[in-house]
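For reference, the structure I am asking about is given below.
Laboratory data are not the source of any read-out in this text; all were calculated from the coordinates shown. It should be emphasised that the depicted structure is a prediction, and the values quoted were computed from it without experimental measurement. No Cβ is skipped: glycine too gets one built from the backbone with ideal geometry, and neighbour counts run over all protein chains shown.
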Amino acid sequence: MSFETEELMPIVAELADKYTGKESTSITYEKARQLMEAVLYCIHEYEEDAKKGQELLSIDGKPVAKRVYSLGYETVLRNVKETQILYNKVIPDFKYYENRCYYDTFVKGIPSFFLYYDPRFQPQNHLLTLDYPVLYPVYPLQGIDAISAFVKCVSLEQVFLGKLPDEYVFHVLRAYSPDHGDLIINLAGIVLRNILGCRMAGKRVNTEGYTPGELEWLTDYVNQNNADSLEQEMKGLVDELIQSGYEGLEELGDYLKADLHDYCFELKNAVKNQCVDSILAI
Amino acid sequence: MDDGKWLQTANDGFQIARVKEANDYTKKFGLVLTDDEASLLIGERKDALKEQERVEFGEGILPKLIFAFCDSPYIYQDNYVDSLGRLQDMFYLYKNESLDEITDDELIEFMKNQFDGPCQGSLDHLEDTGLEAFARRIRSGSDLYEEEDDEF
């Protein structure tokens with residue numbers, strides 16, 4: 001869906017009027033650019049929403065920019081509401097496992113976003129740097145899209161980590177680094193890698209280290225596969241894990257699989273260079 | 001503002017007509033703008049906006065400036081167009097300099113008070129001292145109408 005600038009300018013003019021409270025006839029280029037981005041963002045939101053099944057509205061086969069913008073703006077508001085509901089659902093049981101970045105981003109940052117987000121004049125600005133690195137890249141997204149994706153990712157991580165004993169999570173994090181509380185790292189990824197490591201080594205998932213036999217088994221398993229087949233094997237292991245421990249929660253499985261590509265390469269390198277302890281809690 | 005109104009007000013002809021409408025009021029002060037003078041001022045408005053990197057969607061600031069300054073004892077027919085052009089340039093410049101923290105009406109009111117008061121009709125004095133100090137006070141978050149002893 002594309003509109004001519006002439007079709008968008010009246011919407012920007014209207015926004016400028018609202019922004020200045022009709023007390024200023026002019027605005028700076030910078031502000032005008034911001035308002036134009038706001039209009040384009042809302043139109044984009046409408047388009048994304050339309051893909052999900054909302055019927056395209058058109059008069060004489062051509063969508064009306066003003067109407068599309070209004071519907072996009074409503075979509076932004078609805079997304080904010082839905083994200084807030086999801087956040088409120090996650091936060092009472094939220095565990096940050098002593099990781100300061102995780103805590104600051106989710107517990108301190110997200111409420112500030114809801115407080116200061118400006119869906120009318122700057123919906124494209126999500127205000128936060130979202131420092132905690134979730135497994136899905138959220139940096140290409142803007143505004144409520146970025147925050148919504150981030151909160152969804154964290155909620156999935158909480159489901160994943162929540163079913164594991166805290167003792168085990170702390171065990172693998174401590175093995176990863178004694179400074180795990182101060183590092184900007186993805187906790188779910190580290191824990192998942194250890195669980196898969198145990199499965200590949202044929203050992204139980206617990207806080208006890210690997211025996212030499214289990215370590216050998218793991219090494220053989222990795223050496224038998226190239227990176228691609230190893231990734232496929234691991235995807236299968238993730239599916240098994242999701243089926244057995246998480247009631248087949250497909251969304252969580254897809255989320256965790258986002259880390260496997262990197263993991264395969266790292267694991268192969270670690271085996272090759274005999275430094276598996278840099279990845280797994282040996 | 002509906003689509004039609006926006007397009008209408010962005011039109012040069014409309015702007016000139018609005019400026020000329022002010023003649024009905026200003027002629028009692030002996031001030032009148034011809035078509036050419038109105039066009040010239042509208043052209044200068046575009047240049048000023050471009051120079052100050054600002055966008056104007058409505059009918060422009062010129063009619064407001066005309067109504068505010070037409071009763072000034074320092075403005076007469078001979079310097080009317082030049083003064084309006086300078087005032088218009090100054091207005092956009094100091095909207096930027098004050099970081100858009102004040103409304104159009106507040107800025108015009110201050111300009112008028114300074115022009116008729118301490119500046120005694122000197123546009124140079126208004127621009128270089130009165131408005132400069134005013135913008136500085138706005139940027140520092142001081143009271144809008146607080147006087148600075150060392151300024152005048």
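Measure off 7 Å from each Cα along the Cα-to-Cβ vector at B:R136 and B:N23, then give the distance between these two points in nanometres to one decimal.
Going by the 7 Å Cα→Cβ label model, 4.3 nm.
Further question: So what does the Cα-only Debye profile of chain A read at q = 0.11, 0.13, 0.14 Å⁻¹, as log10 I(q)/I(0), no solvent term?
-0.75, -0.92, -1.00
Rounded, prolate or oblate: which fits the stretch A:223-282 when a ≥ b ≥ c are the square roots of the eigenvalues of the alpha-carbon gyration tensor, with rounded for a/c under 1.5 and prolate only if a/b beats b/c?
Verdict is prolate for the stretch A:223-282.
Shielding by partners for A:7-14, please: the mean number of other protein chain Cβ atoms within 10 Å of each residue's Cβ.
5
Modelled label-to-label distance, A:E98 and A:E48, 7 Å Cα→beta-carbon offset: nm?
3.7
When chain A is treated as a GNM, springs tying every alpha-carbon pair under 10 Å, which of A:E14, A:E233, A:E157 comes out with the largest mean-square fluctuation?
Answer for the Gaussian network model of chain A: A:E14.
Follow-up question, since we're still on this one. Separation of the stretch A:149-183 and the stretch A:60-138 by C-alpha centroid, Å?
Centre-to-centre (Cα) distance: 22 Å.
Also, quick follow-up: Pull out a ≥ b ≥ c, the square roots of the eigenvalues of the alpha-carbon gyration tensor of the stretch A:135-282, then state rounded if a/c is under 1.5, prolate if not and a/b is larger than b/c, and oblate in the remaining case.
Prolate, since a/c reaches 1.5 and a/b exceeds b/c.
Can you give the average number of partner chain beta-carbon atoms within 10 Å of each beta-carbon in peptide B:39-51, as a whole number?
Taking the mean over all residues of the peptide, I get 0.
Give me the one-decimal nm value for the distance between modelled label points at A:D228 and B:E53, 7 Å along each residue's Cα-to-Cβ direction.
5.1
Averaged over B:94-100, how many beta carbons belonging to a partner chain fall within 10 Å of each residue's beta carbon?
Per-residue shielding by partner chains comes out at 2.
Quick one: in the stretch B:3-140, what % of C-alpha pairs are over 28 Å apart?
Value for the stretch B:3-140: 14 percent of Cα pairs lie more than 28 Å apart.
Then there is this: At q = 0.22, 0.25, 0.35 Å⁻¹, work out log10 I(q)/I(0) for the stretch B:54-94 with the Debye formula, treating every Cα as an identical point scatterer and leaving solvent out; two decimals please.
Each listed q maps to, in turn, -0.73, -0.89, -1.31.
Please state the charge dipole magnitude for chain B, taken about the Cα centre, from unit charges on C-beta atoms (+1 on K and R, -1 on D and E), reported in debye and rounded to the nearest 20.
About 600 debye.
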